[in-house]
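Here is the structure we will look at.
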Amino acid sequence: MSNVTPDRVSLFVTCVVDQFYPEVGEATTAILRKLGIDVEFIESQTCCGQPAFNTGYWKEARPLALKFLDEYGEKPYIVMPSGSCASMVKVFYEELFQNDAETLRRVHDIGPKVYELSEFLADVIGVNNLPASNKSGRKVTYHEACHLRRELGAVTQARSLINTVPGMDIVEMEQAEVCCGFGGTFAVKYPEISGAMLQDKIDNIRDSEADTVVACDSTCLMHIAGGLEKQNVPVECVHLAQLLDEAIE
Amino acid sequence: MTSTTKNFKSAAKTVIKDTEVQSHLKGLYSGFNMARIHEAEATPNWEDLQNRAQAIKFHTIENLDYYLDMAATNVEKAGGQVYFAKDAAAASEYVLKVAKENGVRTVIKGKSMISEEMELNQQLAEKEIEAIETDLGEYLIQLAGQTPYHIIVPAIHMSRGEVAEILSDNLGTPKDATIEEMAGAARDELRDKFVQADMGITGANFLVAETGTLTLVTNEGNGRMSTSMPKTHIAIMGMEKIVPSMEDMGIFLRLLIRSATGQRISSYVTQVTGPRASEEEDGPDEFHLVIVDNGRTKMLADPNLREALNCIRCGACLNACPVYRKVGGHSYGWVYSGPIGAIVSPVLTNVPDAKDLPYASSLCGACKEACPVKINIPRMLLYLRNELTEGNYDPTRKKSSIGEFIAFKGWGLIVKDPVFMRIANWLGRLGQWPLVRAGQLRNLPPPLSAWTRYRTFPRLVKPFRDRWKSNEQ
């Protein structure tokens, strides 16, 4: 845990939030402000480059990575409502620039300054109690985003934040740590495999009898919500930022 | 083994529809996978063991020439004979030569994945030598004329009914035989073969370089029988199976067995150093060790793939993989399946033919998390994807998917500039209008129908950047 509480962070909303879920970016901003932290939004930001990188198009990913490094390189705290985009910067930029020593130095420099939202709240700010309540009486289950868990190693943060809200206790689903089958272009390259993985996730959500699925990545939620919607399962998918923003007084 | 990696997609689709097989695959999560997790948690200093094993593996592979030489010297010192085979064909040829010299008619085989690379059973059959698999799972696979479905549990896909059918056809057991009766019948049959066989062929879990000792891990004792009963024993191993010292075995056996089956120790751990010495009562007159390359030096030569040689073939990544648990082992189309197979099989066969394998992963990292020697499998999958897209495996520079290529080029142009993103968002919102039903896109045309077949897609909205502007003013 850091000794200094930052008074200002730079927000990277991610392209998916920008285009499809702006309310997640707004909730992120709102929580940070409620905690007394000033939020900066760099308007030139776009995408970290992950979609291209994951599909093998590293030439297309590199200019976006460089753009990110230019925009955020000097910022002391960079917060993202996505474990996957944070992993891209913290873990995968290293692969992308493995033959470029100079950029690699910048990558190593920026890595420790990038935080996924739940990590930032739990580990940097040290949020352990919140003036909050479970206003909507949600019955919450938590889906672990893969990159958050396995690239960033953040398993406890989001769960402890949720459980911090008085009156809100996670109803664990079976196989919460198993991938929902999204995987970027994997979902359209292998729709049958991805769809079968999604079905397991939907079944586990149903069996948990929760009415709300929470995760720290809008892409997982896009996939899960899309599946639930397709099958008319009345379970709401919300990002951790939205859940906390709604709960905090 | 003939590669059918090209057919991955269609094979996977068939398996996904097979409810019987799906139920077996599902069991891998609650069974072996959870057993591994439980044992890892119950083992003191598990992560220290992993780190030590990883360091030993990296060191050994970096100095493989040195340790292979040491291993060969010590096997020979113990009275064994060593043959280095550059490929599967050379390895088979050597085995056939030794068999011929010894007038071998019947071979008993311990479990060996590398013999699958060689298609050794077929090679022996062509010379009219009968080879019998003695691991029960492998035996069933052999009787059914199939290939292993899983590194550790080769017949995991077979139902009890199928097994009953196979044994009934081959051993005459009743079709409603109990599991005990079936196992008993197989046991009786295999006992006779153990006694008759002129030659035993096994794989190798490890070869200890400093002593020249072969180590085999089994639960059925068939490894011990295969190495000690026949007059001649041939052990075949991939060149990466070396560990430097006997001390290392303490680490690797802990990791391998717990990761493979969730047992603390397997029923049998067999160690063999050379043929029977004059003062010993048991053991073969001849011991041969065949060390096989068969493409492994390609992995060794590529610093981005070298780590794949650290694999100790425990199968934990298969059990942990949500993709393997859907598509099963045969879909991968060659000897090795699952996450590690998606690297090893393409590289050891033909990467362009196996191009679907590195992409058949959501990059969830469950494999990396499960791996006892911490192999970073997603990193290598990503590397292979890049090589397939922009690198050395596309010799004609012809993009495998021109549509995807154009899509990413176009996407790259748009997202590099927030102004272009704004325009694209605006155009997208206009264009999507006729397709939006209750706030969602429900049926998109190909190729996006691949998405909407299983999920709805969110509609584009006024972007965060624009809302920020108006909110802040």
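For chain B, pairs of C-alpha atoms spaced more than 39 angstrom apart make up 30 percent of the total. The peptide list B:297-303, B:118-124, A:9-15, put in order of mean Cβ contacts within 10 Å with the highest first, becomes A:9-15, B:118-124, B:297-303.
Put simply, the C-alpha atoms of the stretch B:164-277 give a gyration tensor, and the ellipsoid matching it has half-axes of 31, 19, 10 Å, longest first. The packing ranking, built from the mean of other Cβ atoms within 10 Å per residue, places the peptides B:8-14, B:148-154 in the order B:148-154, B:8-14, highest first. Taking a sphere under 14 Å around the Cβ of B:MET34 and counting the other residues whose Cβ falls inside, with K and R at +1 and D and E at -1, yields a net charge of -1. The label-point distance for B:SER267 and A:ASN163, in a model that sets each label 7 Å from Cα toward Cβ, rounds to 4.2 nm.
Per residue, the stretch A:184-241 exposes 28 Å² of accessible surface when a 1.4 Å probe is rolled over the protein heavy atoms with every protein chain present.
Based on the convex hull around the alpha carbon atoms, the stretch B:333-465 presents an average projected area of 11.0 nm². If R0 is taken as 22 Å, the Cβ-Cβ distance between B:GLU247 and B:GLU76 corresponds to a FRET efficiency of 0.50. Calculate what fraction, in whole %, of the accessible area of the protein assembly as shown sits on carbon and sulfur atoms when a 1.4 Å probe is rolled over the protein chains. The nonpolar share, carbon plus sulfur, comes to 51 percent. Other residues within the sphere of radius under 14 Å centred on the Cβ of A:GLY83, judged by their own Cβ, net out at -3 (K and R +1, D and E -1).
Between the alpha-carbon centres of the stretch B:397-473 and the stretch B:244-297 there is a gap of 56 Å. Residues whose amide H comes within less than 5 Å of that of A:GLU236, counting only those at least five positions distant or on another chain, are A:THR212, A:VAL213 (H built at 1.01 Å from N in the peptide plane). Counting only alpha carbon atoms, the long axis of helix B:246-261 and the longest principal axis of chain B meet at about 60°.
In chain B, the longest principal axis of the Cα atoms and the axis of helix B:160-171 are about 30 degrees apart. Within a straight-line Cα-Cα reach of under 29 Å, B:LYS57 can be paired with the following lysines, leaving aside sequence neighbours fewer than 8 residues apart in one chain: A:LYS90, B:LYS77, B:LYS86, B:LYS109, B:LYS111, B:LYS241, B:LYS298, B:LYS355, B:LYS368, B:LYS374. Its Cα gyration tensor gives the protein assembly as shown an equivalent ellipsoid; the semi-axes, largest first and in whole Å, are 51, 26, 24. Taking the charge dipole of the protein assembly as shown about its Cα centre, with +1 at Lys and Arg Cβ atoms and -1 at Asp and Glu Cβ atoms, the residue from B:ILE236, B:PHE58, B:LEU68 reaching farthest to the positive side is B:PHE58.
Only beta bridges with both residues in the protein assembly as shown are counted; by DSSP, about 25 percent of them are antiparallel. Extension gain, A:ARG206-A:ASN129: 0.36 nm per intervening residue step, less the Cα-Cα distance, totals 24.8 nm. Here r is the Cβ-Cβ distance between B:LYS127 and A:GLN175 and R0 is 45 Å; the resulting FRET efficiency, rounded to 0.05, is 0.35.
Taking θ as phi - 60° and the Karplus parameters 6.51, -1.76 and 1.60, the scalar couplings of the stretch A:60-73 work out to 6, 6, 4, x, 6, 5, 4, 4, 4, 4, 5, 6, 10, x Hz in sequence order, x denoting glycine and proline.
The translational diffusion coefficient of the stretch B:263-309, from Stokes-Einstein at 25 °C and 0.890 mPa s with a Kirkwood hydrodynamic radius over alpha carbon pairs, comes to 170 µm²/s. Placing +1 on the Cβ of every Lys and Arg and -1 on the Cβ of every Asp and Glu, with no other charges, gives the stretch A:8-124 a dipole of roughly 80 debye about its Cα centre.
Each principal axis of the Cα cloud of chain A was evaluated for its coordinate range; sorted largest first, these ranges are 51, 45, 27 Å. Across all Cα atoms of the stretch B:236-359, the radius of gyration (one decimal) and Dmax (whole number) stand at 17.3, 55 Å.
Computed over the Cα atoms of the stretch B:405-472, what is the ratio Rg over Rh, Rh following Kirkwood? Rg/Rh for the stretch B:405-472 comes to 1.02. Annotation for the stretch A:50-112 versus the stretch B:304-360: alpha-carbon center distance of 27 Å. Between the helical axis of B:88-101 and the longest alpha-carbon principal axis of chain B there is an angle of about 10 degrees.
Compactness check for the stretch A:8-124: Cα Rg over 2.2 N^0.38 Å is 1.02. Computed over protein heavy atoms with a 1.4 angstrom probe, the accessible surface ordering of B:THR19, B:THR4, largest first, is B:THR19, B:THR4. Taking 4.7 Å between C-beta atoms as the pairing limit, chain B has these partnerless cysteines: B:CYS311, B:CYS314, B:CYS321, B:CYS371.
The values are calculated or read from the model by the stated rules, or taken from the named source; none is laboratory data. Treat the numbers as computed from the prediction; the structure is a model and nothing was measured. Cβ coordinates were reconstructed from backbone atoms using ideal geometry, including for glycine residues, and neighbour counts include every protein chain displayed. What goes into the accessible areas is simple: the full protein's heavy atoms, side chains included, and nothing from ligands, DNA or RNA. Shrake-Rupley method; radii C 1.70, N 1.55, O 1.52, S 1.80 Å.
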